[in-house]
Amino acid sequence: MDRRNIELKIFGLIVGMAAGMILLAGIALTLATRHADQRERQYEQTLVGNGLRQRGKEVQTALNPYVIWDEAIIKLDNQFDPAWARQNIGASLGGALGYKVVYVLDADGRPIYGHVNGQDVAPETYARYAGPTQRLVETVREIEKDPKKVAELRAVHGSRVELIGAEPVLMTVSLIRPDLKAKTRGPRAPLLVTGIPVANSVIKTFSDRFLLHDAHIAIVRPADPPSADAETVLGKATDGRRIVLRWSARKPGEELLRSASPLLGLAILAAGAGSILLFRITRRAAKKLLLSEAEAKHLALHDPLTGLANRTLFTDRLVHAHATLRRKPGHLGVLCIDLDRFKEVNDSYGHDAGDQLIREVARRLKVICRETDTICRLGGDEFAIIQPDTTPNGAAALAQRVVDGLSGEVDLSIGRAELSCSVGVAVVSDAEQGQAELLRQADVALYRAKEAGRGRFAFFEPEMDAALRLRKGLERDLRAALDNDALTVAYQPLTDAKRRMVGVEALARWTHPERGEISPAIFIPLAESCGLIGAVGAAVFRRACYDSLRWTGLEVSVNVSALQLSAPGFVGEVEAILAETGARPETFMLEITETALLKDSDGVHEALRRLKRQGFRLALDDFGTGYASLAYLRRHPIDKLKIDRSFVSSLPGNGESVAVASAIVSLAKSLGLKTTAEGVETQGQFDALIKLGCIEFQGYLLGRPMSADAISAVRIQAKAS
Ligand code: C2E
Ligand code: CA
Ligand code: CA
């Protein structure tokens, strides 16, 4: 599942959750609000109902002075007096007290007086009210039958809102009773019927008192739908219609909701913000997860030190580039890069410095290469580049850029290191060869570049293969020879001007079981490049030590490779061999090359001092071919210079060589050093060198390298003669 999908899912989930929560909260709030509103409505309805009943009681109470009155019994029942009725009932109740409807019914229920809307009316007009008040009259008459109850109640009223026509009117039927001693004619008393229209104006005073909103009277038919408004039933008509007082009840829940809505809005906003935050956090977490997955993937395919592709990714890319070649003709280049003498940096500066150097190399390679190239660290100080869609010239140009880019001094935290590299290049134009073969060819070319002197690049050529195979075979065989102690040592005499042997140089010899004699010029560099030089040197030195014990007064020269000198355990190993063989260091002259001094590291300097202190003497081999300056000669405890064979061979005819040889001899003299001329093959050379002031000579003219036995034999012969 890709990141987008996961994010969408998470987002959906959170939004869903938030929406769900808001919905739930909304439902709960709505329910609570509705409940609160309903309770308020009920409360108001009860309140209004009680208020109305109270109002009815007030109306009734206001009638009491008129209906509990001896004079009323006398004037209305005992002897009806219409004038009295008009003045005391009609004018008072209908006038001052504002009853719109006033009627008096006699003991038999017949209307005997009427007063409507401030005017006396014919009693017969009561017919309009008779029906609606019938129930009230019956109720009151029912109570009248029970004297105890009448006495208890004092005033007997019955009130109801009745529909008179279309108008709701609060009708009250009251039993007219004596207050002192008057007595009705019969068992029944007369009745007072009063009516107050429950007009909206009346309701208004009422609603003002109860703070009712929008209060109004409504006539509701049974079939009418229920109203959302609050209502209280005032009365019910005989046909089932109800007279109700309606008003819109307060809605505290809604009000609360409304007053709280900014707060609620804030809460919803907060919830929204919360879910966004939650989303972000989860997204970040998810991203992290995905990232760590990506990181793991990256780690699996990249070198942790440099961030470059590792061998796995390299192979992958190479296979891919190779496959592309099949589809699209062109050239594919592979470059193998090896840092020259990286091991020395690691050994003398430490691994941190080595890592720094590797990182710097990676950085420079990134600058040199194009985006489409794949740079890889194959391991250690080996790098490789895949250059897709190139030409042989393009590959050569890149190789040269790499050689140039990875040369010169590099600042490390611990000091400066000299950087150089060798590059092997292989280019294929068809997909016939496998991709592994391509890498192998680049590797072979790299060997060639190193052999050719490092700091350069070489293209793979088919004949390199044979050389490489030979080389690999030789390496394997050399190891075997060392294991079997099969290396031997030849000694070449060193003589004075009188051809007397004053010393010998120990020279390693290797007779290959199939190939026969292998020249040290071949197997010594091979041993140096494959890490066997220490073992070879030790084998030769051990042999020379044993052999030296056979000769007295003969200086034995032993060659020491620059790589041996800079190896940390070298001096200790030499001491161990001396101890083992019982040889004396004073017998030995250690021949080192200029390149050993060129490194000029503290390690080399210290090794030379220690060897010198032990009694070894030191010779500078192949002098004149390298860069050794006077400064080096002064700084190191050198005893002898060996003039390189190349100067000697062109003697005595070549003027330039004479000049160089002469300069070296006089230089040596001025520094108090001995000089030995190498490769003296002719008498002419020998004579010329003697003339120049050379004091020691080595060469085929004076003696070929020979076995230790042969040296002993020569010495015996010389003594004899
Ligand atoms: P080198 O130290 O300069 O040794 C002298 C080389 O010159 C020897 O070659 C020797 O056989 C050769 N030589 C001597 N006189 C003449 C001459 O008159 N004419 C000619 N053309 N050559 C002459 P070799 O034995 O083949 O050794 C080659 C090089 O191998 C040596 O050069 C030395 O650098 C290296 N080598 C030999 N043995 C050892 C060893 O035990 N340890 C180390 N580190 N290097 C060694
Ligand atoms: Ca030598
Ligand atoms: Ca030499």
> Let a ≥ b ≥ c be the square roots of the eigenvalues of the Cα gyration tensor of the range 472-720; is it rounded (a/c under 1.5), or, if not, prolate (a/b larger than b/c) or oblate?
Replying inline: rounded
> Which angle from 0 to 90°, rounded to the nearest 10, does the C-alpha axis of helix 392-405 make with the longest principal axis of the chain?
Replying inline: 90
>> For a quick check of your reading of the filter: which GluC sites (Glu not before Pro) in the range 283-375 sit in a DSSP loop and have no more than 11 other Cβ atoms within 10 Å?
In response: E371
> Could you name the aspartates and glutamates in cross-link range of K297, using Cα to Cα under 16 Å and dropping any fewer than eight places away on the same chain?
Replying inline: D2, D316
>> Within the chain, what whole-number % of the accessible surface is contributed by carbon and sulfur, with the 1.4 Å probe and all protein chains included in the calculation?
In response: 55
>> Just to confirm the filter: which GluC sites (Glu not before Pro) across the range 488-562 are DSSP coil and have at most 16 other Cβ within 10 angstrom of their Cβ?
In response: E514
> Going by a ≥ b ≥ c, the root eigenvalues of the Cα gyration tensor, does the range 290-428 fall in the rounded group (a/c under 1.5), the prolate group (a/b larger than b/c) or the oblate group?
Replying inline: oblate
> Rg and Dmax of the range 1-141, Cα atoms, in Å?
Replying inline: 32.5, 109
>> Once each part is reduced to its C-alpha centroid, what is the distance from the range 62-102 to the range 343-390 in angstrom?
In response: 126
> Mind listing P(r) for the range 344-493? All alpha-carbon pairs, 5 Å bins, whole percents.
Replying inline: 2, 8, 15, 18, 17, 13, 11, 8, 5, 2, 1, 0, 0
> Rg and Dmax of the chain, using alpha carbons, in Å: what are they?
Replying inline: 64.6, 201
> Which chymotrypsin sites (Phe, Trp or Tyr not before Pro) in the range 497-560 pass both tests, a DSSP loop state and at most 15 other beta-carbon atoms within 10 Å?
Replying inline: none
> Okay, helix-only estimate at 222 nm for the chain: each DSSP H run of n ≥ 4 adds -39500 (n - 2.57), divide by all residues, round to 500 deg cm²/dmol; what do you get?
Replying inline: -16500 deg cm²/dmol
> Against the longest alpha carbon principal axis of the chain, how many degrees, from 0 to 90 and to the nearest 10, is the axis of helix 435-451 turned?
Replying inline: 40
>> Restricting to Cα pairs below 8 Å that are 6+ residues apart, what does the relative contact order work out to for the range 311-461? Please round to a whole percent.
In response: 31
>> Which lysines, if any, have their Cα less than 20 Å from the Cα of K343, not counting same-chain residues under 8 positions apart?
In response: K450, K599
>> Counting only pairs 8 or more residues apart or on different chains, how many lysine pairs in the range 68-198 have their Cα atoms under 22 Å apart?
In response: 8
>> Rounding to the nearest 10 and keeping the result within 0 to 90°, find how far the Cα-based axis of helix 655-671 lies from the longest principal axis of the chain.
In response: 80
> Which lysines have a Cα lying under 19 Å from the Cα of K669, excluding residues fewer than 8 positions away in the same chain?
Replying inline: K640, K642, K691
>> Give me the Å³ per residue figure for the convex hull around the C-alpha atoms of the range 452-522.
In response: 155
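The values are calculated or read from the model by the stated rules, or taken from the named source; none is laboratory data. Keep in mind that this is a model prediction, so the values were computed, not measured. Cβ atoms come from the backbone with ideal geometry, glycine included; neighbour counts cover every protein chain shown. We work out accessible area using only protein heavy atoms, side chains counted, and drop any ligands, DNA or RNA first. Shrake-Rupley method; radii C 1.70, N 1.55, O 1.52, S 1.80 Å.
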